[in-house]
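Novice: Just dropping this structure here.
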Amino acid sequence: MARRRMVYEGKAKILYEGPEPDTMVQYFKDDATAFNAEKKDVIEGKGALNNRLSEHFMSGLNTIGVPTHFIKRLNMREQLIRTCEMIPLEVVVRNVAAGTMSTRLGIEEGTPLPRPIIEFYLKDDALSDPIVSEEHIIAFSWASQQDVDDMIALALRVNDFMSGMMLGVGIRLVDFKIEIGRVFDGDFQRLIVADEISPDSCRLWDVETGEKLDKDVFRRDLGSLADAYTEVAKRLGILPKGGNGTGPKLVH
Ligand code: TMP
């Protein structure tokens, strides 16, 4: 079989040309990076866990009518996705102050916010993804006013869905990041959720204990990242609950 063509390699994923037009294969690596790749490691099993978790969130969103790029999972590390034209922004939704919002504005981590707050960051590694305003987005044509309105609406629907799903398994969705792409249907374009939704791109805190179950475990050296992601997957019923090692295991 001919070797498939790599389209793009990012810090945590690789995109390959897909088997049909307008599709790609998204491969989840075990690499973990933080602080614009200043901190790096390989976490065995992370790619397989994020593939499963992103499948779970994206297929749930598809089911309730929030469009995503996810088509189907192909194997332990790969999923088939719809090709889209990425908008060069990270859309962050925050329910509770944490991370850069806490440091930038001096709000103590864990302070509930009066309403979900949406922020946009420009995807540009050389600039370390700076925060930008709607004015910047429109003035520099990264997206139109209509796109901004649609991105906000999409992000809030994802927030409602994800917050509810997480609360159902005793986890608080503190904040998360999504990336959004355009697809064209004839003369019309619409926006869809793309990239991934996983504990790499969310903050997830246990409701009872406040324990962190997301990439902050790696960023802040709080313990085993694979254990934290496994806990999320078990609570969501993606992995068997028993922790005695006798059940099926994720393999590479
Ligand atoms: P922040 O507090 O570091 O700005 O992060 C806000 C949310 O966005 C948090 O859930 C982690 C996520 N995030 C990413 O997914 N990728 C990134 O590059 C950054 C900086 C944050």
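A short reminder: the numbers here are calculations on the coordinates, not readings from a lab. Because the structure is a prediction, the values reported are computed rather than measured. In this analysis, Cβ positions are derived from the backbone assuming ideal geometry, glycine residues included, and neighbour counts consider all displayed protein chains.
Novice: Output ³J(HN,Hα) for the range 218-231: one whole-Hz value per residue in order, computed from phi by the Karplus curve 6.51 cos²θ - 1.76 cosθ + 1.60 with θ = phi - 60°, and x for Gly and Pro.
Specialist: Whole-Hz 3J(HN,Hα) from phi for the range 218-231: 7, 4, 10, 6, 9, x, 8, 5, 4, 5, 5, 5, 5, 4.
Novice: Per DSSP helix of 4 or more residues, -39500 (n - 2.57); summed, then divided by the residues of the chain. What does that give at 222 nm, rounded to the nearest 500?
Specialist: One gets -8500 deg cm²/dmol as the mean residue ellipticity at 222 nm.
Novice: With springs connecting C-alpha atoms under 10 Å apart, model the chain as a Gaussian network and identify which of Pro130, Pro116, Pro199 has the largest mean-square fluctuation.
Specialist: It is Pro130.
Novice: Identify, among Ser102, Leu74, Met24, the residue whose Cα sits farthest towards the positive end of the charge dipole of the range 1-144, taking +1 on the Cβ of Lys and Arg and -1 on the Cβ of Asp and Glu, with the dipole about the Cα centre.
Specialist: Leu74
Novice: What residues have an amide H closer than 5 Å to that of Arg203, excluding those fewer than 5 places away on the same chain, when H is modeled at 1.01 Å from N in the peptide plane?
Specialist: Correct list: Val174, Asp175, Phe176.
Novice: Can you sort Ser141, Ser201, Ser133 so the residue with the fewest Cβ neighbours within 10 Å comes first?
Specialist: So the residues, fewest neighbours to most, are Ser141, Ser133, Ser201.
Novice: Further question on the same structure: Taking the chain on its own, what percent of its Cα-Cα pair distances exceed 27 Å?
Specialist: Details: 11200 of 31626 pairs.
When all Cα pairs of the chain are counted, 35 percent exceed 27 Å.
Novice: Whole-Hz Karplus ³J(HN,Hα) for the range 82-90, in order, using 6.51 cos²θ - 1.76 cosθ + 1.60 and θ = phi - 60°, x for Gly and Pro?
Specialist: 7, 5, 9, 8, 6, 7, x, 10, 9
Novice: Give the long-range amide H neighbours of Asp30: residues separated by 5 or more places, or on another chain, with amide H under 5 Å away, using H modelled in the peptide plane at 1.01 Å from N.
Specialist: Distant-sequence amide H within range of Asp30: Gly47.
Novice: So what are the ³J(HN,Hα) numbers for the range 202-207, from phi and the Karplus equation (6.51, -1.76, 1.60; θ = phi - 60°), rounded to whole Hz, Gly and Pro as x?
Specialist: 10, 10, 10, 10, 4, 4
Novice: Sticking with this structure for a sec: Using the 10 angstrom Cβ neighbour count as an exposure proxy, how do His136, His56 rank, fewest first?
Specialist: His136, His56
Novice: Choose one answer from Tyr229, Tyr27, Tyr16: the residue with the largest mean-square fluctuation in a GNM of the chain with alpha-carbon springs under 10 Å.
Specialist: Tyr16
Novice: Can you grab the distance from the C-alpha centre of the range 1-57 to the C-alpha centre of the range 101-117, Å, no decimals?
Specialist: A separation of 31 Å, based on Cα centres.
Novice: Pull up all non-local amide H partners of Leu89: gap of 5 or more, or a different chain, and H-to-H distance under 5 Å with H placed in the peptide plane.
Specialist: Lys123, Ile180
Novice: Among Glu9, Glu38, which comes first, second and so on when ranked by fewest other beta-carbon atoms within 10 Å?
Specialist: Ascending Cβ contact count within 10 Å gives the list Glu38, Glu9.
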